[in-house]
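The values are calculated or read from the model by the stated rules, or taken from the named source; none is laboratory data. Quick caveat: nothing in here was measured; it's all calculated off a predicted structure. Reconstructed Cβ throughout: ideal geometry from the backbone, glycine too, with neighbour counts over all protein chains shown. These area figures cover heavy atoms from the full protein model, side chains too; ligands, DNA and RNA do not enter into them. Shrake-Rupley method; radii C 1.70, N 1.55, O 1.52, S 1.80 Å.
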Amino acid sequence: MFCRYFCFFSLCLFLQTQRKCSLGHVSSLGGSDAASLPGFENLTMGYNKYLRPFFGGEPVQIAMSLDIASISSISESDMDYTATIYLRQRWTDPRLVFYGNKSFTLDARLVELLWVPDTYIVESKRSFLHDVTVGNRLIRLFSNGTILYALRITTTVACNMDLSKYPMDTQTCRLQLESWGYDENDVIFTWLRGNDSVHGIEKLRLSQYTVERYYTLITKSQQETGSYPRLILQFELRRNVLYFILETYVPSTLLVMLSWVSFWITLDSVPARTCIGVTTVLSMTTLMIGSRSSLSKTNCFIKAIDVYLGICFSFIFGALVEYAVAHYSSSQKHAAKTPREGPANELTKEMEEINITSILSSSITSYKQQISFTGIEISGDNINCSDLTMKTHEKIKCFLRNKMYRIISYFTIQNPSNVDHYSKLLFPLFFMLVNVFYWAYYLYF
C-alpha cells in the first residue's frame with residue numbers, strides 16, 4: 001500500500017516538472033507566439049475573474065444591443081409574452097490588452113475564465129440559454145481589451161395589460177435589462193447606438209398584433225441595497241381587430257337583425273315569433289360564452305367586446321319582450337270585444353256586471369266617506385284638488401295621485417298593432433345610434 005502511494009506521488013511530481021518545463025519553453029519563443037495567443041499570458045499571470053475591470057476606480061461602461069429573433073406568443077390570460085433575443089454586451093478590460101489590430105473569437109467555454117456582467121432580465125418568469133448543439137454564446141476579444149459577449153436567450157416576460165378596450169386595444173410591453181449585484185458605482189449600462197441598438201422588431205409578423213413603434217430608455221432602479229442601472233426596450237402592440245369583427249361582431253349584429261324579423265310577422269303567429277325570439281336569445285348566449293372562454297382568466301375585466309355583446313343581447317331580449325307585451329295587449333283587447341253567446345253565458349255576464357258594479361259602488365262610497373270632510377269630488381279617474389278647504393299635504397297627495405293616473409293612461413296600449421309598427425322603426429334606429437357611440441368611444445377615446 002505504501003508503495004502505491006509513493007509511486008502516485010512520484011508520478012504527480014514528474015508531471016508537474018514537465019508542465020513547468022513546457023511553460024518555460026513557450027515563454028522563451030518570443031513575441032510572435034505571444035501575439036498569436038492574446039491575453040493568455042494575462043489570464044495565467046495575475047488575472048482575477050472575480051474582480052471587475054477598474055476595480056476600486058471608475059465604473060465599467062457596458063454597451064448593449066439587441067436582436068429580436070421572434071415573439072412566439074403573447075398571452076392575455078397570463079399577461080406575458082415569450083421572445084427569443086440575441087443579447088450583445090461590450091465592455092473594455094485593460095487587463096486583456098495585447099499588441100496588434102486583430103480580434104479573436106474564443107471558445108465559449110473560456111467565458112468561465114473571464115469577468116462578465118451580471119445582467120438579468122427584469123420581470124422574467126422563465127428564461128433559458130440555448131445549448132444546441134453547444135451553448136449559444138460568443139466571446140470575441142479585441143486588441144484594445146474590448147470584449148464582445150453575445151448570448152441567445154428565450155425568455156417569458158410579464159407584461160401588464162389593460163384589456164378594457166379588447167379587442168381594439170393597444171398594449172405596451174417592456175424588456176428590461178438590469179445589473180443584479182453591481183450598482184451604478186461599479187457599472188454603467190448604455191445602449192450602443194440608441195434606438196438603432198435594437199434590430200428585428202420592426203420585421204416581426206405576429207398573429208394578432210402589429211408592432212406600432214418602439215424606443216429605448218436608460219434609467220435607474222432604486223432599491224434598498226442601492227441604485228442599479230437599467231436599460232428598457234419599450235414597444236407598443238396594436239391588436240388586429242379584423243379577426244374579431246368576422247368572428248364575433250358580425251354574427252352578433254346579424255342575430256340582432258334576425259330578431260327584428262318578428263316585427264313583420266302577425267301577432268297571431270305565436271309559434272313563429274316565439275321560435276325566432278327564443279332561438280336568437282339562445283344563440284346570443286352561446287356566442288357570449290364562447291367569446292369569454294378564450295380569456296377565462298381575465299373575466300374580471302369588462303372588455304369592449306363584452307359591452308357590445310351585452311348591447312346585442314339587450315336588443316334581442318327586448319324584441320322578445322316586445323312581442324310578449326303586444327300579444328298580451330291584443331289578447332286582452334280581443335277578449336273585451338268578443339261577445340258571449342247562449343243564455344248561460346248571458347246570465348254569467350249579468351252576474352259579473354252586477355258584482356263588479358256593486359263592488360265599485362261600495363268602494364267609491366267608502367272612499368267618499370273617508371275624504372268627505374275635505375270636500376274632494378271624484379269624477380271619473382281624476383280627483384278635484386281645487387277645494388280651498390283641503391290641507392296642504394292632502395293637496396299634494398291628490399296632485400300626485402292624478403299625475404299617476406295620467407302616466408298610467410299614457411302608457412296604456414290602445415292599439416296593440418301599433419307596437420310592431422313603432423318597433424320596426426325604433427329598434428333599428430336605436431341600435432344604429434348605440435353603434436355610433438360605441439365605435440366612436442372605443443376607437444377614438
## Note on the structure
Residues whose modelled amide H sits under 5 Å from the amide H of Asn240, counting only those 5 or more places away in sequence or on another chain, are Tyr209, Thr210
### Message
What FRET efficiency comes out for Ile311 versus Ala272 if R0 is 25 angstrom and r is the Cβ-Cβ distance? Round to the nearest 0.05.
### Response
0.45
### Summary
Scoring only Lys, Arg, Asp and Glu (+1, +1, -1, -1) among other residues with Cβ under 10 Å from the Cβ of Val211 yields +1
#### Entry: Positive-end residue of Leu51, Thr119, Tyr86, charge dipole of the range 41-139 with Cβ unit charges
Leu51
### Query
Within the range 65-130, which chymotrypsin sites (Phe, Trp or Tyr not before Pro) sit in a loop by DSSP and count at most 12 neighbouring Cβ atoms inside 10 Å?
Tyr99
### the range 420-441 and the range 273-295: distance between their alpha carbon centers, rounded to Å
20 Å
### Query
Applying 1/(1 + (r/R0)^6) with R0 = 30 Å to the Cβ-Cβ distance of Phe55 and Phe104, what FRET efficiency is obtained, to the nearest 0.05?
0.80
### Task
Measure off 7 Å from each Cα along the Cα-to-Cβ vector at Asn48 and Leu192, then give the distance between these two points in nanometres to one decimal.
3.1 nm
### Query
Put a dot 7 Å past each Cα toward the Cβ at Val250 and Leu204; how far apart are the dots in nm?
2.9 nm
### Query
Where in the range 147-175 does the amide nitrogen come within less than 16 Å of the point 7 Å from the Cα of Gln234, taken along Cα to Cβ?
159-162, 170-175
### Query
Using heavy-atom solvent-accessible surface (probe 1.4 Å) with all chains present, what is the largest-first order of Ile305, Ile265?
Ile265, Ile305
## Note on the structure
Note on the range 133-175: C-alpha Rg/Rh, Kirkwood Rh, two decimals, gives 1.31
### Message
If I ignore ligands, DNA and RNA and count only protein heavy atoms, how much of Cys300 is accessible to a 1.4 Å probe, in Å² to the nearest 10?
### Response
110 Å²
### Summary
Taking a crude spin-label model, label points 7 Å out from Cα along the C-beta direction, the Lys397 to Asp78 distance in nm is 6.9 nm
